[in-house]
Every structure is written in C-alpha cells, then in structure tokens.
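Asks: Quick one: the structure is below, and I'll ask about it shortly.
The values are calculated or read from the model by the stated rules, or taken from the named source; none is laboratory data. Predicted, not measured: the structure shown is a model, and the values here were computed from it. Here Cβ is always computed from backbone atoms with ideal geometry, including for glycine, and neighbour counts include all displayed protein chains. Note: accessible area is taken over every heavy atom of the protein model, side chains too, but ligands, DNA and RNA are not part of it. Shrake-Rupley method; radii C 1.70, N 1.55, O 1.52, S 1.80 Å.
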Amino acid sequence: MINLKNILCVSLTLLLALVNLSAQEQVFDYSQKKDFYIGDLKVEGAGTKDPNAIKSIAGLKIGDKIEVPGNKIPDAIKSLLRLKLFKDVRIILDSTVADTAYLRISLEERPVLSRYSFSGVKNSQHDDLNELVSNILSKGGIVTEDQKSLCAEKIREFYVEKGKLDAKVKVIETPDNVKPNTVKLDFAITPGDRVKVEDITFEGNKAFSDRKLRKKMKHTKRKGTLLRKTKFIKKDFEEDEESVIAFYNTNGYRDAKIIKDSMWREEDGDLQIKVNIDEGNVYHFRNIKWKGNSLYSDEQLSTILGIEKGDVYNPELLENRLRFSLDGRDVSSLYLDDGYLGFEVNPVELIIPGDSIDIEMRIYEGPQFTIGDVTIEGNDRTHEHVIRRELRTRPGDKFSRSDIIRSQREIINLGYFNPENMDIQTPVNQQRGTVDIKYKLEERPSDQLELSAGYGGFSGLIGTLGVTFNNFSLSNIKDRSTWSPLPTGDGQKLSFRLQSNSRFFRSLNFSFTEPWLGGRKRNGFTVGAVSSSFDYTTLGSGSLSITRAFVGLGKQLSWPDDFFVSNTTLNFEFIDMADYRNGNFYVNNVRIYDGSFKNFSIKQSITRSSISDPLFPRSGSRVSLAVQLTPPYSLFRKDNYYTVSDSEIADIRARLQRLCGPACDITDELVNDEVASLVNARRFEYLEYHKWTFDSEWYFNLVGKLVLKAQAKFGYLGTYKKSIGVSPFERFELGGDGLSNQSAGITGRDIISLRGYETSDFPVNNQGGAAIYDKITMELRYPLSLNPNSTIFLTGFLQGGNAWSKFGDFNPFDMKRSAGVGMRVFLPMFGLLGFDYGFGFDKNLGASAKWTDYSTFNIVLGFEPE
C-alpha cells in the first residue's frame, strides 16, 4: 500500500525544483521556509550590460545563503528594476541539489533610442523643440515611459506659452529596423489655434473702471486692442494680476487683493476672464518718525523724502524716495554719497485704526568708508591715464555712489569701450574701512572709415572718403608698436576727409582734437582746415573756391554744474568767386556772381549734456546754445563804400558784349543785374552777421528697450544794419537727407534735414537759403542689437519744420509735417548707416499728385543728418 505521506513529500520536492521567481510573481506555494546556498548564478538577456555588475547590483553571489521564501530575492529584483534599464526581471530557480540552489537572472532590456522626429509643425520650430527634448532624451539612451510623458508635456507647454491652449502631443514609438533593440520616436503635434482673449471683466472694483485696470495689464489684452496680440499665457496673466494689485497699492489701497479669477471658453473657442477684487480702504500717510539718525536731522530727511501728512499711502513712492530715485534725490543717496556704504533704512508700518498709517524709519548709519585702491582692467589699447583722468573716484576720497555713476558715464562717453560688458566691482574691507573700486572694461573698435556717395543732379555723383581716428596718440608717433594703423591710446582725435565728383568739384578737410590740453584739466583744443573748389570754367559757368581754417578751445564748467561745457572757436575763411553762375547766393533777391569775401568770426557755444551712451542714448539730454559773430564792419564805414562808378558800369557793359558777341543786344536790365551783383560783392567783401543756433535733445526710456527722443532746433541769421541785408553765406538750407545736398554745406550753408521733403519743397532754398528756421522731432527708437560691433535700431518719427527768408515772416505754427520709419546700423569702422522713409503731409503738389509723390526715401551714410 502506497504511503500518502511519501507521495506528498515527493510532489512538494518536484514543485520546488520547477518554481519560477519573477518580478511579476513572487509567491512560493509551500508552507515551510527553507535555507539554500547559491551554487551557481547565471545572467541572460543582459545584452551589452556587464553580468558581474548586474550580479553586484542584485546583491547575490555564489555561496550566499538565501531563504525561500524570503526577502533577498524580491529585493534583488527591485534593485534591478530600479535601474530602469530593463522592462522585465525574473530570478528563476533552475534546480536544487540538497541545500544548494542553482539560479538564473533573466532580463528583458528596454529599447535604445536611435532617433526622434517632429510632425505636424513647421520646420522653423524644430530647433526650439529639439532643445526641449534633448534635455530629456539622448540618442543611444534608454527610453522610458516617464521620459516620453515628460517630453510630451514640455512640448505642450511650449505651445501653451504661445497662447495655443489646445495643443496636443502624441508620442509614437516604433522599432527601428536599422539596428536591433532600438526604437524611433515621432512626436505628432497638433498645435491648434491661438486662443484669444474675448474680454476681461472685473467685479468688486469701485474706485477704478474696468478699462483703467485693463490698461495696467501689460501682457494679457482682449480682442480689439490696437497693435497688441491677445494670446493668453498663464504666467503672464499672473504677473498682470500682480500689476493690478500694485496699481491699487500705489493709490492707497494697501489691502487690495484678488479674491479669485474665473475663466471659460466661448463657443468659438475664445476665452472669457473675470477677476474678482476686494479693494479695501484707502490709506494715508500720517506721522513719519526717524530713529537712529545722527548725521542728519529729522527735518532734513523729511525734506528729501518729500511725503507730507495726509498724502495717499504709496509704498512704491516711499521705496523710491528712500532708495531708488532716478534723479538721485533719495535718502540712501544722501548717505552713500558721503561714504556711509553700510547705510540701511527700514520703514516699519504702524497701522492706525481707520485710514491712516504711521511709519517709523529705523536707520542704521554705519561707519564712513573711504576709497582704497582704484584699478582698471581690460584697456588693451587705451592708455590708463586717458581713463583715469575721467574718473571721479580717487584713492583716499570718501566713497560716493554718484561719483561711481558719473565715472561710468564718462568712460562710456569716450566711445572706446563696450557699455554692455562694463563692470564695476566694489569689494569692501571692513577692518580698514575702505572700498576698493575695480573698473573692468572691454575695448571696442573706435576708428571709422567713411565711404559715401550722393547724387548732386548736374554735378553728378559725389563721392566721399574719410577716416577718423578717435583714439589717436601724437606722442607715440615714433613708437611703431602702437600703430594700429596709426598710433593709438591717448584719446586724441584725427580726421581726414576728401570729397570729389572728379569733374567739377573737390573738397579736403583735416582736423585734430586734444581733449585734455596740458593733461590736468578738461580743456579741449581743436585745430583744422578745409579747402573746397568748384570749377565750371569749361562750361562757361565760372569757379568758386573756399579756404577755411579754425582753432577752438573747450572747457568743462563747474557752474551751474559740471555737465556744462564751453567752446570758443575762431574761424578764418576766404571765398573767391569768378563769374560763378552755378551758385545760389542772393542778397535782397539779387544774385552774386563775382567777388572775394572774407569771413572772420568767433563762435561761442554753451552745451549741457547728460547723455550716457552716444550710440543709443536711453536717458539724459543734450541742450546747446551757440552764437557766431563777425565784427560789425558796416557800423564803421560810410554808406557809399560799395557804390559802382560810371566807368565800372561801362566796363561791365563791354565785358558782357565780348562774352555774348557783337550781334547781341546788351540791355540796361542785364547791365543793372551785373551792377547790383557787384554792389553786393563789395558790400559783403567782409562778411558781417550774427548767427544764433539752439538745439535740444531729450531721451526717455518708456518701457523695456523702447526709447523716445524729443528734439527741437532753431536757427537765426541776423544783420547789424538793415540796409546791408542778410549775408549771402552762413544761411540755412532745410529739407533733403543731408547727403544729396551736402555740397550746399561746403559752400557756406548749414544743412538741416527734414525727412519726407526735398530741398525744392522750400522755395526759400532757391533764393540763397533761409535766414531763420525751426524744426521739431518726436522719434521712437527700438534696438534690435546693442552689440558694439553692430548696433542696430529701428525708428518711427514725426517731424515738423519750416524756413523763412527774414525774421518778420517767422511763424512757429506754420510747419511742414512729416512721418515715417527708418533704421540705423552703426559699424565701428564705417560709422552710421541707415535709411528713412518719410511721408510729407504738406507738399504743394496739386490735385493730380499721387500719394507716392508725397513720400521720399533717404539713405544715411557716415553721419546722422541734423
């Protein structure tokens, strides 16, 4: 008879030999635990992975004692799964002999990524998407479900930030037959349309209208907002909500808060937004007390703070008056400019029941610091003394924040260094009570090559070649190691300029400037010369030559402040005309053809400039008033000194007869015209006039990088004696781009560009030029690049101006208006390049004119038109 107990024991032994220990099924169907020693441990399915490393990570090795069932095998499976390198992990019991177990680790590798792609979107977006995905997936790496989900989420977020809230991403995984155990991923993207904001409404707002609050939302705009996209981005919307609350705070609503916001979609998919606001009460400043101040009295600090009892509570204003006033008139500046670098002020609010707030200003003045070492780095070409003489921070002086700011401005205005990469470090030595100042600079090219061309009508193409060395060194002219291409490093300016049309005209000018004459004070010295000639004798139109030399002295003033500069220039000019018929020189409507003219004048200008970056100013102003005077010769002469004798009239008639030929009839009118021309030539043999010019520029940083430039210009050419008339030279020519009519500037006129108009649009230009003009400009500027090697910005402008022949005709409200757009590119070697497209609204063209006749396209080469 077979023993039932023996049968059960044999069955249990066979079942134990066949059991599989897997990651998915860790149940041993037996009732008693048993200890085994690992006799052998194999690894299969590891692929490129090291089997020994897998055994080590599993924590199993031959000879180890294991308990079945027990924790050691499940723990080994978990350790291997935790690597995320395998889809499946099994530990299989192949066989047992007595108390020895023979185990096998069976693995199934996860696939490796061979490549991925994007579908459903434009190729232009692939680079951005690739940057997102490459931070999560790598080619040759393992692909997990978590990674695929994360990639899909990041891609969706990318489109949501663009306002496409309905974006969907599907990850399609397929085997790659090129290489075994590899997969390729395709991110199938459905971006959807941009979700527009239909409307934004507010509830609970009583003090301010919905329209007013919507204006405070910088990013989130509803449909119909001019020139603004209406996409919804959650992060921007949250920032806009903070802006709304900040607006309430600045108007005294200290407790204002947003209770909730609600959003829902319309049938067309547009978004409706409702914001619920709790405005709270309006608070006012009451008593402001100062605590801890010993250097300045309460009255002095309260005066600078400028907040009175009863003013509407405004935390932003309070912070600005304490620390961050743009004009430097804040309490912190008072201390920081006197060396108290550790100064702190903390306003503590004491809320009074009702609508008032008392504030206690708790001040820590700290010790007074002096300046220790002042070092300069990065000046590879510019000599250190050129930079150091611009600094307001000197060793041993009291530390001053305003002196550092002013020193930074002066260095930038040199034009030799990159303002974007300029760094000022101020390490503090508490033990010595000193502050070291380190100016870290980066040189940029400052020399300029001017290549320009303009079409001058009959005169043909006018070419210009000019070179300007803005960091020249006269003292190093013998040291060839400093030549690049000429000696550099001393901050002097040397320029040469040649203009010619190769047929009738040439002009050569030269100038040299030493900004620190003597090296101790900012006394500028300038010397230069200009020689120009127009020769049309081959065409029977005579010739004109102009030779001018000038010398100038400039000085920085200390009153009213040290932003003022005085410049005095002596000019010596000689003008010779010989039957010059191509000129445009008139006195009292009589044209001048012949004569020798001498122009001896002194020019005095006073300029105040607080502009910090001359290439792209973002703040500050430049205001200049100049007067140019000649001696009043006519006041010391008899009135008949310019009369013409009868014999001279006879000579004029004879000369005209020779020129015209024996058959010509020389009329009295023709003779009288020549006589009048000769009278004017004698009347102005020594030019006399007084010339006044005013120019003001103001720059305002509106928002971000957007800058508003406001400019007003005025010029007037007067005479000492009415009977003499206005000088035929030194007049103003309005209109054009300042390039095509630049020959007018060479022949003794100031060229004032007016975009949208040609010089022919102003009749006074055809009668010798204007004696008085005005011009107003409003211009928006936005930079595309502030790289010093290529500064690029766009402009949009409104302009108005006009010119008159005499002061009695001047009417500041009679303006020729224009509007347009333009672009400027500044390349260090070539200077300023650009274009303007202007539309003149007030041209007298008649009813048949097309709208294109009212517009002009101007090119800017080498310089910014006046």
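Asks: Among the numbered criteria (1) open to solvent by 30 Å² or more (accessible area, probe 1.4 Å); (2) at pLDDT 80 or above, which one does residue 740 miss?
Replies: Unmet condition: (2).
Quick grid of which residues meet (1) of a type in the set (S, T, N, Q); (2) surrounded by 16 or more Cβ atoms within 10 Å (Cβ to Cβ); (3) more than 30 Å from residue 799 (Cβ to Cβ):
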site: 637; (1), (2), (3): no, no, yes
site: 646; (1), (2), (3): no, no, yes
site: 652; (1), (2), (3): no, yes, yes
site: 655; (1), (2), (3): no, no, yes
site: 666; (1), (2), (3): no, yes, yes
site: 683; (1), (2), (3): no, yes, yes
site: 698; (1), (2), (3): no, yes, no
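Asks: Another question about this same structure. Just give me the residues in region 52-67 being outside any helix (DSSP H, G or I) and of a type in the set (A, V, I, L, M, F, W, C), in sequence order.
Replies: 60, 62, 66
Asks: Considering every residue within region 73-88, establish whether at least one is without any contact (Cβ under 8 Å) to a residue 12 or more places away in the chain and small (Gly, Ala, Ser).
Replies: Looking through region 73-88, none of the residues is without any contact (Cβ under 8 Å) to a residue 12 or more places away in the chain and small (Gly, Ala, Ser).
Asks: Give the residues of region 275-299 that are in contact (Cβ under 8 Å) with a residue 24 or more places away in the chain, surrounded by fewer than 16 Cβ atoms within 10 Å (Cβ to Cβ) and not in a strand (DSSP E or B), sorted by residue number.
Replies: Those that are in contact (Cβ under 8 Å) with a residue 24 or more places away in the chain, surrounded by fewer than 16 Cβ atoms within 10 Å (Cβ to Cβ) and not in a strand (DSSP E or B): 280, 281, 292, 294, 295.
Asks: Kindly indicate the residue of region 256-274 that is open to solvent by 30 Å² or more (accessible area, probe 1.4 Å) and among the hydrophobic types (A, V, I, L, M, F, W, C) and also nearest to the chain's Cα centre (by Cα) among those meeting that condition.
Replies: Within region 256-274, the match that is nearest to the chain's Cα centre (by Cα) is 258.
Asks: In this structure, is residue 760 assigned to a helix (DSSP H, G or I) and either open to solvent by 30 Å² or more (accessible area, probe 1.4 Å) or at positive phi (or both)?
Replies: Yes: the conditions hold for residue 760.
Asks: Kindly establish whether residue 553 is touching a residue at least 24 places away in the same chain (Cβ under 8 Å), open to solvent by 50 Å² or more (accessible area, probe 1.4 Å), touching a Phe, Trp or Tyr at 6+ places or on another chain (Cβ under 9 Å) and assigned to a strand (DSSP E or B). Write out each step before concluding.
Replies: On the way: touching a residue at least 24 places away in the same chain (Cβ under 8 Å): yes; open to solvent by 50 Å² or more (accessible area, probe 1.4 Å): yes; touching a Phe, Trp or Tyr at 6+ places or on another chain (Cβ under 9 Å): yes; assigned to a strand (DSSP E or B): yes.
Yes, satisfied.
Asks: Inside region 462-497, can you point out the residues that are assigned to a loop (DSSP other than H, G, I, E, B) and of a type in the set (D, E, K, R)?
Replies: The answer is 478, 479, 490.
Asks: Could we say that residue 64 is within 22 Å of residue 150 (Cα to Cα) and either open to solvent by less than 40 Å² (accessible area, probe 1.4 Å) or modelled with pLDDT of 85 or more (or both) here? Give the steps one after another, and end with the answer.
Replies: Numbers: within 22 Å of residue 150 (Cα to Cα): no; either open to solvent by less than 40 Å² (accessible area, probe 1.4 Å) or modelled with pLDDT of 85 or more (or both): yes.
So residue 64 fails the test.
Asks: Taking the condition of being aliphatic (A, V, I, L, M), surrounded by fewer than 21 Cβ atoms within 10 Å (Cβ to Cβ) and in contact with a helix residue (DSSP H, G or I) (Cβ under 9 Å, 6 or more places away or on another chain), how many residues in region 709-734 meet it?
Replies: 0
Asks: Okay, moving on. Which of the residues spanning region 23-61 are modelled with pLDDT under 50 and surrounded by 16 or more Cβ atoms within 10 Å (Cβ to Cβ)?
Replies: Scanning region 23-61 gives 23, 28.
Asks: Name every residue in region 90-111 that is outside any strand (DSSP E or B) and more than 60 Å from the chain's Cα centre (by Cα), in order of residue number.
Replies: Scanning region 90-111 gives 98, 99.
Asks: Going through region 505-522 one residue at a time, which ones are open to solvent by 50 Å² or more (accessible area, probe 1.4 Å) and part of a strand (DSSP E or B)?
Replies: The answer is 506, 508, 510.
Asks: Quick check on residue 478: is it modelled with pLDDT of 95 or more and open to solvent by 20 Å² or more (accessible area, probe 1.4 Å)?
Replies: Values: modelled with pLDDT of 95 or more: no; open to solvent by 20 Å² or more (accessible area, probe 1.4 Å): yes.
In short, no.
Asks: For region 308-326, what are the residues that are surrounded by 15 or more Cβ atoms within 10 Å (Cβ to Cβ), out of contact with any His (no Cβ under 9 Å at 6 or more places or on another chain) and assigned to a loop (DSSP other than H, G, I, E, B)?
Replies: 314, 325, listed by residue number.
Asks: Given (1) among the hydrophobic types (A, V, I, L, M, F, W, C); (2) open to solvent by 60 Å² or more (accessible area, probe 1.4 Å); (3) over 30 Å from residue 627 (Cβ atoms), identify the lone condition not met by residue 578.
Replies: All conditions pass for residue 578, except number (2).
Asks: Moving on to the next point. Does region 826-852 hold any residues that are touching a strand residue (DSSP E or B) at 6+ places or on another chain (Cβ under 9 Å) and either at pLDDT 90 or above or not in a strand (DSSP E or B) (or both), and which are they?
Replies: If the condition is that a residue be touching a strand residue (DSSP E or B) at 6+ places or on another chain (Cβ under 9 Å) and either at pLDDT 90 or above or not in a strand (DSSP E or B) (or both), then 828, 829, 830, 836, 837, 838, 839, 840, 841, 842, 843, 851 are the ones that fit.
Asks: Does residue 329 meet the test of being under 20 Å from residue 300 (Cβ atoms), open to solvent by 40 Å² or more (accessible area, probe 1.4 Å), modelled with pLDDT under 90 and under 29 Å from the mean Cα position of the chain (by Cα)?
Replies: In short, yes.
Asks: Does at least one position in region 170-192 carry a residue that is modelled with pLDDT under 90, among the basic types (Lys, Arg) and more than 25 Å from residue 86 (Cβ to Cβ)?
Replies: no
Asks: Go over the candidates 601, 612 one by one and state the one that is outside any helix (DSSP H, G or I), surrounded by 15 or more Cβ atoms within 10 Å (Cβ to Cβ), at pLDDT below 85 and of a type outside the set (A, V, I, L, M).
Replies: Just a single option satisfies the conditions, and that option is 612.
Asks: Only one residue in 210, 240 is open to solvent by 30 Å² or more (accessible area, probe 1.4 Å), modelled with pLDDT under 95 and either at positive phi or not polar (S, T, N, Q) (or both), so which one is that?
Replies: 210
Asks: If a residue must be assigned to a helix (DSSP H, G or I) and either within 13 Å of residue 102 (Cα to Cα) or over 58 Å from the mean Cα position of the chain (by Cα) (or both), how many such residues does region 68-84 contain?
Replies: Going through region 68-84 one residue at a time, the tally reaches 6.
Asks: Report yes if residue 670 is crowded, with 18+ Cβ neighbours inside 10 Å and free of Cβ contacts under 8 Å to residues at least 60 places away in the same chain, otherwise no.
Replies: So residue 670 fails the test.
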